[in-house]
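Right, one structure below, let's go through it.
The values are calculated or read from the model by the stated rules, or taken from the named source; none is laboratory data. Computed from a prediction, not measured in an experiment: that's the story for all the values here. Cβ: placed from backbone, ideal geometry, glycine included. Neighbour counts: every protein chain shown.
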Amino acid sequence: MALAISQLSFAQVVEAPVAAPLATQTQSVAYNEGDLNKTIPMDDQLTHGQLSNGVKYYILPNTTPAKKAELRLVVQAGSLNEEDQESGMAHFTEHMVFNGTKNFPKREMIDTLEEMGVRFGADLNAYTGFNETVYVLPIPLENPKNLSTAMQVLEDWAFNATMDTEEINKERPVIVEEWRGSSLSPQARQQTKMVETLAKGSKYSKRDPIGDVENVKTFAPQALRDFYQRWYRPNLMSVIVVGDVDPKATKKLVEQHFADYKNPPQPVTTPAITVPNNVEPIVGVYQSDEVSQNIIMMAYKDMNNVTIDKTDGDYVKNLREMLISQMINQRFAALLDSGKQPFIGAQSTRDELGGFIRSKKAYTLMAIAASGQQADALQALHIESRRIIEHGFSADELEQAKSDMFANIEDYYLNRRKVESAEKAEEYIRGVTENEPLPTIPWEYEAQKKYLPTITIAQINQLVKQHFRPENRIVFVTSNDKNNALTVEKIKQIISTTPAVEPLKATARATALLPKLPVAGRVTKSEEDPLTGVVTWILSNGVKVSYKQNDYNDNQIRVNAFSDGGYSLLTDQEWRQSQWAIPGLEDAGYNGLTKTQVAQLLAGKTINIGYDIDETSHGLQGQFAPRDSESAFQLMYSLITGLNKNSNVFATFKERSIAATANADKNRESYFANQVQLDLNRKNPRFTGIYPTAQAWEQTNYDVAYNSFKKIYSNANGMHFSFFGKIDPQELRRYSELYLASLPSQMSVMPQYKERPYPLDFTQRAITVKKGKDNVSEVRIMYGGQAEFDPRDNLSLIMAGDILTERLIKELREELGGVYSPGASGGLIDRPNPSYRFDIAFPCDPARVDELTKTTLSIVQNLIEEGPTQAELEKVRQGFLANFRQSKNTNEFGAEQFSNALKNGHDPASARTYEKRLAAISVDDIQSTVSKFLSADKRVTATLMPE
């Protein structure tokens, strides 16, 4: 059900046109009050039930993707089920079921699954929360026996973990390293303080899922076995299977593997943890000069606890509540568009309190404040809250929000037959853990079509007064500026005032994105590639349009457009004055319209298209719904030709951006990454860092940036647009001739990128960066250098990354207990400088940096000298094959692969030979490739150490 009422993000959907009111768009169906009492029906394609021992099962046949199934084991026991002396055991148990079971001793389970093509970490995974532990197992089904094996894995997770003492003791340091990487940071401490504030008066603040690290180090192994036996019981378990399966046969498998287990004789009570209401505001403050952002959060907690949604009336209530949050976000976007504000960004959500407290929902308003403006930002949130309480929303705002909401469910409805199995599995997890109803997408579509037009502004504004009350407020402030940090007393003073507020002034609404239609061009040549089925047109202005029809998604067209050039067309001086400014130019809007007006115009449409610029190319990329094709083409035309020039808007963007990046160096990981890149780019005069400094902002010049943008996009000759998806060729041709063939071009000039010989410098050396006070380090071992692109070398080097990752996990994690999640990856790069790159990274205890680095280098050397085993290669090959077969039947893959092939001069049909090329990679290929590229004289080792 969350599909329909999940909140829309301004970053995800370019908002839509002021069309006719929703009632006229949807032709709403009349209903009577009795309809609201109807029970929300469960999907009749879903096979569900409960075994006699209490195990629940949910089985849905779904062929997206084909020959694959998504399995989940949900255990309704998490960290809230722990007693004080058991802190961390729910999470520890999750680790241990991977370390040996009755039918899969030691590491045999992981090895068996990897041989099927299931990658540990990337595919095979699990997580522990406050309320549940969930095991995730996607299974390729080219071999039908895999499903039975997978069900045996679920059974063993549930009941047959061996919990060997030696394995428990080996896993302790691994979890300590996971704790080190996740909990030893200012951000983690901020999170802990926030949980304490939001969940004041409850058990949440004492039950961090990762647990008390001292208890993790010392608890008796039998105590962990007792926890497993007590909570891993049939009546707390649910088995979910979604995929290309036969429901009857799958149900028999569930019965075969789960029906014979008995519940322990001693009953248990799953704790129902609630948070109390509060008359006076609850206020929390976290101050640290190591956090990079000042965050203001104001939550309006519901007075009543969450109840189970069962009826149409419950569904309509949720729609109304979500509409309020959407309208607040519309206002925040308009405020940012209108000029200077005391916050850099702001958003509203309607969700579980804090995103984790199941018993309470809340409206949460959040803002990021600039240094020295925390009080003003909090005051701004308070004023906007007061504004909607006193004056409510307008009918126009409601219609825009309804249009967006209905467009969202319509998108799902039109693509209802192609919903990914993993997405449905996640929905069923929520059905188990949050009692979410599980209707069909068509039911939700018809329900919104029926009920949305009947929701009135009076109902909405009355609901606002019920939820936005002086009671049950919570304010939490994170500050990095101790001189201007808000105190609890100051916060209470601000939110206790009742400032006079005026109703929101309506902005003038535009009626069209383009002031007039451009003069159409024409298709001058058409050809079809017999291997790929891609049709390509050459337009009269030199623009190329390629398309391929498919039915991977019934409501999506992916678009990629690129032209050689990009930032390489700018001189070094232009680059220095433009690089940080260009991303903000679009804040000025298009064709004389503001961003808010464009958003209003596009309300109810699914269009997400933006600029795509890098050092060697420029263009556009994104996606849109077929029904919105003309609006999408108008937006593409506007992005290239209609950018407004408004220095006042840019001044606001610059001020917000300076505030947003002023404290970036305070973040330990960001600072480390920036220092490493500065060192690697030390011979590149155009590189100034991965985020701007104060000096970089001083050099920024709006006029130069605007003119640089125009320079880059001034000539469409040779720009290549590719469209993949549910395409109507006649419609595509008509819009291409009208909106793409009319783009300005210079037929005598074909854009080319300018080669700038500034490759990364991988001269052998060590870099040590000191930042932060926490006892945690990060190691990055990087190889690189010049290399001509070769497809076989590229594939071999990518596969070597997975082979090395597997070896690092076995040695550094499982044998030495020194790391939690090491990784290695690499590949060849075609442009701007033909080269290769290979990185190894892991966080660890600073005291073990030298030991673990030395061990890592010995693992690399062993691969160079002896190569991988055939078994290692086959496991990686199967993982690559499974991933390719799943991803190849998507518009994203097709569009990206085609566009990259054109950009780099590769064969657009190369995907057709991928499986053959993958099968041809040998042990010798891997060894030869790592010997060629992973040489010590091209190795840079960077280490982050505490100060």
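Give the residue, chosen from Asp564, Asp612, Asp572, that is without any contact (Cβ under 8 Å) to a residue 60 or more places away in the chain and of a type in the set (Asp, Glu).
Details: Asp564 fails: without any contact (Cβ under 8 Å) to a residue 60 or more places away in the chain; Asp572 fails: without any contact (Cβ under 8 Å) to a residue 60 or more places away in the chain.
Unique residue meeting the criteria: Asp612.
Identify, from the list Pro843, Pro822, Pro832, Pro868, the residue that is modelled with pLDDT under 95, farther than 30 Å from Asp551 by Cα, buried (at least 17 other Cβ atoms within 10 Å of the Cβ) and not charged (D, E, K, R).
Details: Pro843 fails: modelled with pLDDT under 95; Pro822 fails: modelled with pLDDT under 95; Pro868 fails: modelled with pLDDT under 95.
When all the criteria are applied, what remains is Pro832.
Of the residues Thr661, Thr641, which single one is buried (at least 19 other Cβ atoms within 10 Å of the Cβ), of a type outside the set (Gly, Ala, Ser) and modelled with pLDDT under 95?
Working: Thr641 fails: modelled with pLDDT under 95.
Every option except Thr661 fails the conditions.
Could you run through the stretch 558-582 and say how many residues are under 25 Å from the mean Cα position of the chain (by Cα) and more than 18 Å from Leu639 (Cα to Cα)? Before you say what the answer is, go through the steps one by one.
Of the stretch 558-582, the ones under 25 Å from the mean Cα position of the chain (by Cα) are 558-562, 580, 582.
Remaining after also requiring more than 18 Å from Leu639 (Cα to Cα): 580.
Qualifying residue count for the region: 1.
Out of the residues in the stretch 320-352 that are within 23 Å of the chain's Cα centre (by Cα) and modelled with pLDDT under 95, which is surrounded by the most Cβ atoms within 10 Å (Cβ to Cβ)?
Ile344
Name the residues in the stretch 505-527 that are surrounded by 12 or more Cβ atoms within 10 Å (Cβ to Cβ) and of a type outside the set (Val, Ile, Thr), would you?
In the first step, residues of the stretch 505-527 are kept if they are surrounded by 12 or more Cβ atoms within 10 Å (Cβ to Cβ); the result is 507, 509-510, 512-514, 517-518, 520-524.
Correct list: Arg509, Ala510, Ala512, Leu513, Leu514, Leu517, Pro518, Ala520, Gly521, Arg522.
Acidic (Asp, Glu), in the same structural domain as Asp793 (by TED's automatic domain parsing), surrounded by fewer than 17 Cβ atoms within 10 Å (Cβ to Cβ) and without any contact (Cβ under 8 Å) to a residue 40 or more places away in the chain: is that true of Asp937 in this structure? If you could, list the steps in order and put the result at the bottom.
Working: acidic (Asp, Glu): yes; in the same structural domain as Asp793 (by TED's automatic domain parsing): yes; surrounded by fewer than 17 Cβ atoms within 10 Å (Cβ to Cβ): yes; without any contact (Cβ under 8 Å) to a residue 40 or more places away in the chain: no.
When the stated conditions are applied, Asp937 does not pass them.
Residue-by-condition table, conditions (1) aromatic (Phe, Trp, Tyr); (2) under 20 Å from Phe258 (Cβ atoms); (3) in contact (Cβ under 8 Å) with a residue 60 or more places away in the chain:
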residue	(1), (2), (3)
Arg107	no, no, yes
Asp111	no, no, yes
Val118	no, no, yes
Gly121	no, no, yes
Ile139	no, yes, yes
Asn143	no, no, no
Ser148	no, yes, yes
Met151	no, yes, yes
Leu154	no, yes, yes
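Residues to consider are Arg119, Arg107; find the one that is at pLDDT below 95, more than 27 Å from the chain's Cα centre (by Cα) and farther than 27 Å from Ser359 by Cα.
Details: Arg119 fails: more than 27 Å from the chain's Cα centre (by Cα).
On inspection, the qualifying residue turns out to be Arg107.
So, Val242, is that one of a type in the set (A, V, I, L, M, F, W, C), under 32 Å from the mean Cα position of the chain (by Cα) and part of a helix (DSSP H, G or I) or not? Working first, answer last.
Details: of a type in the set (A, V, I, L, M, F, W, C): yes; under 32 Å from the mean Cα position of the chain (by Cα): yes; part of a helix (DSSP H, G or I): no.
No; evaluated as a whole, the condition is false for this residue.
Between a residue in the stretch 685-696 that is closer than 11 Å to Ala664 by Cβ and in contact (Cβ under 8 Å) with a residue 24 or more places away in the chain and any residue that is part of a loop (DSSP other than H, G, I, E, B) and aromatic (Phe, Trp, Tyr), which pairs come within a Cβ distance under 6 Å, given they are 6 or more apart or on different chains?
The qualifying pairs are Pro692/Trp580.
For the stretch 885-898, how many residues are touching a Phe, Trp or Tyr at 6+ places or on another chain (Cβ under 6 Å) and either part of a helix (DSSP H, G or I) or over 26 Å from Asn555 (Cβ atoms) (or both)? Working first, answer last.
To start, the set of residues in the stretch 885-898 that are touching a Phe, Trp or Tyr at 6+ places or on another chain (Cβ under 6 Å) comprises 887, 889-891, 894-895.
This time we only want the ones that are either part of a helix (DSSP H, G or I) or over 26 Å from Asn555 (Cβ atoms) (or both), so: 887, 891, 894-895.
Count: 4.
Being under 30 Å from Met297 (Cβ atoms) and of a type in the set (S, T, N, Q): is that true of Gln229 here?
Answer is no for this residue.
Residues to consider are Gly785, Gly772; find the one that is at positive phi and at pLDDT 95 or above. Break it down stepwise before answering.
Details: Gly772 fails: at pLDDT 95 or above.
Only one candidate qualifies: Gly785.
If we scan the stretch 588-608, do we find a residue that is assigned by TED's automatic domain parsing to the domain that holds Ala696, farther than 19 Å from Leu336 by Cα and surrounded by fewer than 19 Cβ atoms within 10 Å (Cβ to Cβ)?
Yes, the stretch 588-608 has at least one match.
Show me the helices (runs of 4 or more DSSP H) found entirely inside the stretch 370-445 where at least 1 residues are touching an Asp or Glu at 6+ places or on another chain (Cβ under 6 Å).
Values: elements: 374-391, 395-414, 421-433.
Here the list reads 395-414, 421-433.
Give me the pairs, please: first residue somewhere in the stretch 312-337 and closer than 18 Å to Gln462 by Cα, second residue anywhere and among the hydroxyl-bearing types (Ser, Thr, Tyr), beta-carbon distance under 6 Å, and either six or more positions apart or on two chains.
Val316/Tyr451; Ser325/Ser348; Ile328/Ser348
With Arg831, Arg807, Arg837, Arg813 as the choices, which residue is assigned to a loop (DSSP other than H, G, I, E, B) and charged (D, E, K, R)?
Arg831
Taking only the stretch 462-490 into account, find how many residues are buried (at least 17 other Cβ atoms within 10 Å of the Cβ) and over 15 Å from Tyr300 (Cβ atoms).
Residues that pass the stated criteria total 7.
Filter the stretch 200-218 down to the residues that are in contact with a Leu (Cβ under 8 Å, 6 or more places away or on another chain) and not in a helix (DSSP H, G or I), then identify the one that is surrounded by the most Cβ atoms within 10 Å (Cβ to Cβ). Steps first, please.
Within the stretch 200-218, the subset in contact with a Leu (Cβ under 8 Å, 6 or more places away or on another chain) is 203-204, 207.
Filter once more, so that each one left must be not in a helix (DSSP H, G or I): 203, 207.
Values: Lys203: 15, Arg207: 24.
The extreme case among them is Arg207.
Can you tell me which residue within the stretch 731-758, out of those that are in contact with a strand residue (DSSP E or B) (Cβ under 6 Å, 6 or more places away or on another chain) and part of a loop (DSSP other than H, G, I, E, B), is surrounded by the fewest Cβ atoms within 10 Å (Cβ to Cβ)?
Within the stretch 731-758, the match that is surrounded by the fewest Cβ atoms within 10 Å (Cβ to Cβ) is Gln752.
Take the conditions touching a residue at least 40 places away in the same chain (Cβ under 8 Å) and part of a helix (DSSP H, G or I) and apply them to Lys854. Does it pass?
No: the conditions fail for Lys854.
Residue pairs, Cβ under 6 Å, 6 or more apart or interchain, first in the stretch 223-246 and within 25 Å of Leu60 (Cβ to Cβ), second among the hydroxyl-bearing types (Ser, Thr, Tyr) and part of a helix (DSSP H, G or I). List them.
If the second residue must be among the hydroxyl-bearing types (Ser, Thr, Tyr) and part of a helix (DSSP H, G or I), the pairs left are Ile240/Tyr428; Val241/Thr250; Val242/Ser421; Gly243/Ser421.
Considering only the stretch 529-545, how many residues are without any contact (Cβ under 8 Å) to a residue 12 or more places away in the chain and surrounded by 12 or more Cβ atoms within 10 Å (Cβ to Cβ)? Walk me through how you get there before you give the answer.
Residues of the stretch 529-545 without any contact (Cβ under 8 Å) to a residue 12 or more places away in the chain: 530, 536.
Narrowing further to those that are surrounded by 12 or more Cβ atoms within 10 Å (Cβ to Cβ): 536.
So the answer is 1.
Could you tell me whether Thr497 is touching a residue at least 60 places away in the same chain (Cβ under 8 Å) and exposed (fewer than 13 other Cβ atoms within 10 Å of the Cβ)? Please lay out each step first, then the result.
Numbers: touching a residue at least 60 places away in the same chain (Cβ under 8 Å): yes; exposed (fewer than 13 other Cβ atoms within 10 Å of the Cβ): yes.
Spelling it out, Thr497 is indeed touching a residue at least 60 places away in the same chain (Cβ under 8 Å) and exposed (fewer than 13 other Cβ atoms within 10 Å of the Cβ).
Is it the case, given these coordinates, that Gln379 is assigned by TED's automatic domain parsing to the domain that holds Ile491, of a type outside the set (Val, Ile, Thr) and modelled with pLDDT under 95? Full working, then the answer.
Working: assigned by TED's automatic domain parsing to the domain that holds Ile491: yes; of a type outside the set (Val, Ile, Thr): yes; modelled with pLDDT under 95: no.
The answer is no for Gln379.
Using beta carbons and a limit of 6 Å, which pairs, at least six apart or on different chains, have the first residue in the stretch 758-778 and touching a residue at least 24 places away in the same chain (Cβ under 8 Å) and the second one surrounded by 15 or more Cβ atoms within 10 Å (Cβ to Cβ) and part of a loop (DSSP other than H, G, I, E, B)?
Tyr758/Asn684; Pro759/Asn833; Asp774/Leu184; Val776/Leu184
If I ask for residues that are more than 21 Å from Ser348 (Cβ to Cβ) and hydrophobic (A, V, I, L, M, F, W, C), which ones from the stretch 282-315 would you list?
Passing the criteria: Val285, Val291, Ile308.
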